[in-house]
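Q: Below you'll find the structure I mean.
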Amino acid sequence: MIGFLRSTSSADSGHLTAAFRQGLKERGFVEDQDCAIEYRWADNQIDRLPALVADLLRRPVAVIVGNTPSALAAKAATMTVPIVFATGGDPVKEGLVASLNRPGGNVTGVSFMSVELGAKHLGLLRELRPGAARIAVLADPKFPNTKRFVSEVLAAASAMGQQIEVLYISSNREIDTAFTTLVQGGAGALLAGSGGLVYSRREQIVALAAQHSIPAMYISRDYVAAGVW
């Protein structure tokens with residue numbers, strides 16, 4: 001039995017679960033035939049994760065697969081059940097593994113290093129909009145790697161002499177409020193940063209950016225796909 005745990009909601013993760021099942025199938029594991037998958041979703045409420053992990057461990061599952069907050073919650077709960085993560089940050093700095101060469105413990109996975117590319121994304125956005133006096137940054141304050149993402153973007157902005165405004169969003173309503181703020185503030189471009197809520201509301205964010213004609217930079221192709229109608 002496999003535990004599939006994410007801090008986001010099931011509504012915005014259909015493509016991820018489909019890809020996960022396909023990957024298992026390619027390796028000879030077909031759901032409900034060769035293996036069972038227990039899906040759990042925190043619906044962007046990270047404080048629910050410990051209880052969800054405890055439920056999976058009671059089943060018990062043989063392995064837990066999750067994103068950064070899920071993997072951290074699972075690591076805090078068990079030192080024996082294998083944990084496989086997919087993260088956008090540095091798994092060492094996030095506390096998931098001891099090192100990249102020798103992860104150690106019961107945790108392993110893959111990183112896309114999107115958090116570490118925040119400064120690069122900002123630089124590319126400046127090249128696209130060299131006249132933008134102010135660039136807005138959206139970030140989810142509850143996500144584990146947001147602090148580091150924002151710190152790196154702020155440092156890069158300072159070095160470039162670029163004025164930016166970080167707008168933290170913790171709910172769907174705050175996304176609309178953030179766009180009102182950045183439009184009224186004259187933001188010439190938008191960098192959509194890290195966080196489960198930012199990702200899960202990508203269609204709303206892309207639509208608002210298009211509505212207000214704001215050039216935007218995103219950390220993954222899923223945002224671009226969300227803008228294709």
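The values are calculated or read from the model by the stated rules, or taken from the named source; none is laboratory data. Just so it is clear, the structure is predicted and the values come from calculations on it, not from any experiment. All Cβ positions, even for glycine, are placed from backbone atoms using ideal geometry, and neighbour counts span all protein chains on display.
Q: Check whether at least one residue in the range 98-109 is within 29 Å of Glu174 (Cα to Cα) and not hydroxyl-bearing (Ser, Thr, Tyr), and report yes or no. If you could, list the steps in order and put the result at the bottom.
A: Initial filter on the range 98-109 (within 29 Å of Glu174 (Cα to Cα)): none.
No, because not a single residue in the range 98-109 is within 29 Å of Glu174 (Cα to Cα) and not hydroxyl-bearing (Ser, Thr, Tyr).
Q: Being among the charged types (D, E, K, R) and more than 17 Å from Thr8 (Cα to Cα) is the filter; apply it to the range 18-54 and report the residue that is nearest to the chain's Cα centre (by Cα).
A: Filtering first and then ranking leaves Arg21.
Q: Further question on the same structure: For the range 58-65, state whether one or more residues are over 24 Å from Ser114 (Cα atoms) and in a helix (DSSP H, G or I).
A: Let us first name the residues in the range 58-65 that are over 24 Å from Ser114 (Cα atoms), namely 58-63.
Pick out the ones that are also in a helix (DSSP H, G or I) and you get 58.
Within the range 58-65 (the criterion being over 24 Å from Ser114 (Cα atoms) and in a helix (DSSP H, G or I)), the answer is yes, since at least one residue qualifies.
Q: With a cut-off of at least 3 residues that are of a type in the set (A, V, I, L, M, F, W, C) and modelled with pLDDT under 90, name the helices (runs of 4 or more DSSP H) lying wholly within the range 184-229. Even if it seems obvious, please write down each step before you answer.
A: Numbers: elements: 196-200, 202-211, 221-226.
In the range 184-229, the matching helices (runs of 4 or more DSSP H) lie at 221-226.
Q: If you go through the range 140-151 one residue at a time, how many are assigned to a helix (DSSP H, G or I) and buried (at least 18 other Cβ atoms within 10 Å of the Cβ)? Working first, answer last.
A: We begin by selecting, within the range 140-151, every residue assigned to a helix (DSSP H, G or I); these are 146-151.
From the residues that got through so far, the ones that are buried (at least 18 other Cβ atoms within 10 Å of the Cβ) too are 146, 149-150.
Adding up the residues that qualify gives 3.
Q: While we're on this one: I'd like the full set of residues that are within 20 Å of Ser170 (Cα to Cα) and of a type in the set (Val, Ile, Thr), limited to the range 1-45. Full working, then the answer.
A: Of the residues in the range 1-45, the ones within 20 Å of Ser170 (Cα to Cα) are 6-13, 41-45.
The answer is Thr8, and nothing else.
Q: OK, next. Across the range 184-214, what is the total count of residues that are exposed (fewer than 15 other Cβ atoms within 10 Å of the Cβ) and touching a residue at least 40 places away in the same chain (Cβ under 8 Å)?
A: Residues meeting the conditions: 2.
Q: Check the range 51-62 and report whether any residue there is among the charged types (D, E, K, R) and touching a residue at least 40 places away in the same chain (Cβ under 8 Å). Talk me through it step by step, then tell me what you get.
A: Let us first name the residues in the range 51-62 that are among the charged types (D, E, K, R), namely 55, 58-59.
Remaining after also requiring touching a residue at least 40 places away in the same chain (Cβ under 8 Å): 59.
Looking for residues that are among the charged types (D, E, K, R) and touching a residue at least 40 places away in the same chain (Cβ under 8 Å), one finds at least one in the range 51-62, hence yes.
Q: Okay, next question. Within the range 69-103, can you find the residues that are in a helix (DSSP H, G or I) and surrounded by 14 or more Cβ atoms within 10 Å (Cβ to Cβ)?
A: Let us first name the residues in the range 69-103 that are in a helix (DSSP H, G or I), namely 69-77.
Correct list: Pro69, Ser70, Ala71, Leu72, Ala73, Ala74, Lys75, Ala77.
Q: While we're here: Against the definition (exposed (fewer than 14 other Cβ atoms within 10 Å of the Cβ), in a loop (DSSP other than H, G, I, E, B) and at pLDDT 85 or above), how does Pro130 come out, yes or no?
A: Working: exposed (fewer than 14 other Cβ atoms within 10 Å of the Cβ): yes; in a loop (DSSP other than H, G, I, E, B): yes; at pLDDT 85 or above: yes.
The answer is yes for Pro130.
Q: A follow-up question, please. Which is modelled with pLDDT of 95 or more and either in contact with a Gly (Cβ under 6 Å, 6 or more places away or on another chain) or crowded, with 17+ Cβ neighbours inside 10 Å (or both), of Val53, Val115?
A: Values: Val115 fails: modelled with pLDDT of 95 or more.
Going through Val53, Val115 in turn, the sole match is Val53.
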